[in-house]
Amino acid sequence: MIFDHILCHYSEIGLKGKNRRFFEDRLKANILETVKLQCPESVKSVRRYYGRLVIKIADSDPDLQPLINAVKDVLGLAYFAPAFESVQEMDQLKTDALRLLSEMGFETFRITARRGGSDIPLRVQRVNEEVGAHIVETMSKKVNLTLPDANCYIDMFHDRAFVYPERIAGRAKAVFVHFHSVPYTTPASIEKVREMIVTLNRFQMRSKLYLVELAPIQKQIMEETAARFRVLLYRRFMLRITDAIAKKERAKAVVTGESLGQVASQTLENMAAVERVTDMSILRPLVGFDKQEIIDRARDIGTYDISIQPDQDCCSLFVPKSPATKAKAEQLEKEEEALSVDELVAAAVESAETEQI
């Protein structure tokens, strides 16, 4: 199947009111910047249509994978889809749907039509029913609206239509928070995280980094609490501080690199005891990965060689010989009664340094 366009659909930036055009233009510029960097000859134009950005592919018979990989790196897209252009006429939509599905192996299917604007002459339900009936008659396949083997999407907007078989999920923008224990450790971890963000910037072009000094908090924890709970108390403070930064940045979730059982603090019991300090959603994309899977993923995105550079992790400072592996939130709350929790968190957030990378 030869696709001649990529449909890019965004969600939240379409709700920005009077600033909507600004965000759409920024997203369009990001698409062009990313694509020109990775595959400069692949795109003829990027145009905006009714809540979508449409990339016109330059080559009539392109190798799509480099272009797909480039668009995956653009932040702010809900999803995108390689598609071919059609017209808003029933007979042509039937022909194009049949052309698409004829190249796919399946027993059950569905037609998923959508229109952008009330001025589109064809109704969605009619397109679904008539195109679907045509596929049943010509291919002897069955309709399954719940869990089909194949899906034929038909998007109708402006004066055109597009047909495509799948939607590829986009990515969200990240703000980075790094905790360090300088001057008790070397600044190597800070330089390392800067280098890593430069590598990851291919996904969002520019990033904001918060550098937070954890050492004053660690010093009080070491002096006032039981040794076996130290790392978990460090992590509770780190999560409180990240929560404050996330709300300041209007972020919708906190993402961590925790992996179940990789270290003593990352048991199910300990994760539950630590996360009680925040009401933010916590995303742990690596939680079920083993060490080799994490290494493989790091190699895929280009961060592995940076990650193995030596540094002094802030949580390695004042680590006890026998850390708790099944702590309860109530135990940690009891330990924190000896600490100036609110003052320590406020001071850490206030003194955090920010960088644009």
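Derivation of every value follows stated rules applied to the coordinates shown; laboratory data play no part. Just so it is clear, the structure is predicted and the values come from calculations on it, not from any experiment. Neighbour counts are summed over all protein chains in view; Cβ atoms, including those assigned to glycine, are modelled from backbone coordinates with ideal geometry.
The table below lists the values:
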quantity	calculated
Burial order of peptide ranges 80-91, 113-124 (average beta-carbon count within 10 Å, highest first)	80-91, 113-124
Residues of type lysines that Lys192 reaches as a straight line, Cα spacing below 17 Å, ignoring anything fewer than 8 places off in the same chain	Lys208
Beta bridges by DSSP in the chain, antiparallel share as percent, to the nearest 5	60
Förster radius 56 Å - calculated FRET efficiency between Asp59 and Val319, Cβ distance, rounded to 0.05	0.50
Cα gyration tensor shape for the range 5-169, rounded if a/c is under 1.5, else prolate or oblate	prolate
Spin-label model distance (nm) - Arg250 vs Asp119, 7 Å beyond Cα toward Cβ	3.1
Fewest-first ranking of Ser281, Ser322, using other Cβ atoms within 10 Å as the exposure measure	Ser322, Ser281
Length added when fully stretched, Leu98-Tyr304, from 0.36 nm per residue minus Cα-Cα	69.7 nm
Mean Cβ count within 10 Å, highest first, over the residues of peptides 97-106, 177-186	177-186, 97-106
Percentage relative contact order, the range 176-356, counting C-alpha pairs under 8 Å, at least six apart	37
Beta bridges per DSSP with both ends in the range 176-356, % antiparallel, nearest 5	35
C-alpha center-to-center spacing [the range 99-155, the range 49-81] in angstrom	23
For the chain, diffusion coefficient by Stokes-Einstein and Kirkwood Rh (Cα), 25 °C, 0.890 mPa s, µm²/s	103
The chain, relative contact order [Cα under 8 Å, separation at least 6], %	16
